[in-house]
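What follows is a set of notes on a single structure, which appears directly below.
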Amino acid sequence: MRESKIVNALLYLILLISLLAYENHLYSYYTYTQAILFALLFLATAIILKNKAYMKEFTNNLKHNLVIIPLFIIMILSTLLSLLFFDYASFSSIFIVLLYIINTITLFLVLPIYFRNNQKFSDNFIRLYLILIIPIIIFGIILYFNNGFLGYSLEGNRSGSIYFDSNFFSIISALPCALIFRIKRKKSNKIALLLIFLLSLSGIIVSGSRGTMLSLVICLIYYIFIKYSNKNIIKKGLLVSIVIIAAIMFFKNIENIPFLRLDQGSHGRSEMIIYALNYLQGSPIFGYGFDSISSVLREAGFANSNTHNSLVDFAFRYGYIALIIYLIILLRAFFKSNSNKNKLHINLLLILLYVNMNTILYSFGGVGLPSMALTLCMGLACYEEGGKKGEKIKYYNTSLQR
């Protein structure tokens, strides 16, 4: 029981720190924040796996996800080859990649076991996220109409709330749209869930993020026409209306935001992607190693440190073989969550994150909140519980209280 409370406290603390890590003033200390999050996640994993029941389930989970092992090997090999043949890696790069691998094990293989076998904690964890994110979204909306509010400023008429990056604000604002499907929709809380959705949508709008808005529209279309089984014409018509309104606001939003006007196209991102893919032809199998994309883009005169496309950056770091394995894991997670009605919220979260990962950078196993959300959701989707169904709950409840 004591170990369980410690793990719960650590995970709540991790959520709080990850939400504040991109705050406009704290972001300058992000390297230290990363180190703290890596350490806390590692500590939580060590405590969880100390329990024999969880260790047994972890072994079972790993057996069902062996495809991740060759991915780890290629990530390490790619970094070593980069150290030998290119100037983009250092010995610290190897250490960082090992940290990402350890963190991927935590988020993809270990924490899904803990979340799935502690449903009350999972519910409380989601509630805490919603409690923390709602005032952040409200602040972002206020800032949009009151530039300079409490010392925070708009970026090209785009609101980032308390964060240095409006794109980060947009994606953490979008997550509640899917998370509300994890909460039982009783009559007493339907209005509250609708308000959360509308606040979430408003946060995306004032952030001016085209990628996040597009991901939300695709997510809604997918839910209404593929997953929504209710044949009530009125309810279905209401949802379709929401999608249409969201789409109209999406296109209107693009026109009204100078920072990302249509005449600016992809804002230089397509040029970076094309340049990176052409450069990758020099080392297509193993890529150029961790953090290589940053050096290459800056040498070419680009101001950005990444292409704003997670898949392109991943391929550039580790090569096309690693990318293929990564895509297999991505697709496997999506289809597994799609086939399980109890994982609807995970299925919707994956759509949000998959679409948006083509416009901003997520790191598989990273400690930024979007990266952690992506890796954890994929792990929850791919997790196959071991043991007999009648034994599982009793098995874990007794083992945690020893």
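Return the carbon/sulfur percentage of the accessible area of segment 54-145, one whole number, probe 1.4 Å, all protein chains in place. Mind dumping the intermediate values first?
Numbers: 3140 of 4160 Å².
Carbon and sulfur atoms account for 75 percent of the accessible area of segment 54-145.
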### Query
Structure shown: which of LYS5/LYS50; LYS227/LYS336; LYS190/LYS343; LYS52/LYS343; LYS227/LYS341; LYS5/LYS120 lie over 18 Å apart, alpha-carbon to alpha-carbon?
LYS190/LYS343; LYS52/LYS343
### Summary
Highest mean packing first, using Cβ neighbours within 10 angstrom, the peptides 312-324, 135-147 sort as 312-324, 135-147
### Task
For an R0 of 30 angstrom, estimate the FRET efficiency from the Cβ-Cβ distance between ASN340 and LEU214 and round to the nearest 0.05.
0.70
## Note on the structure
Plugging the Cβ-Cβ distance of SER295 and LEU98 into 1/(1 + (r/R0)^6) at R0 = 22 Å yields, to the nearest 0.05, a FRET efficiency of 0.60
### Task
Express in nm, to one decimal, how much length is gained between ILE6 and ILE285 on full extension, taking 0.36 nm for each residue of separation and deducting their alpha carbon distance.
96.1 nm
### Message
Need one number: nm distance between label points at ASN147 and PHE86, each 7 Å from Cα along Cα→Cβ, rounded to one decimal.
### Response
4.0 nm
### Query
For segment 52-184, how big is Rg over Rh, using alpha carbon atoms and the Kirkwood form of Rh?
1.11
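The values are calculated or read from the model by the stated rules, or taken from the named source; none is laboratory data. Treat the numbers as computed from the prediction; the structure is a model and nothing was measured. Cβ coordinates were reconstructed from backbone atoms using ideal geometry, including for glycine residues, and neighbour counts include every protein chain displayed. Only protein heavy atoms, including side chains, enter the accessible area calculation; ligands, DNA and RNA are left aside. Shrake-Rupley method; radii C 1.70, N 1.55, O 1.52, S 1.80 Å.
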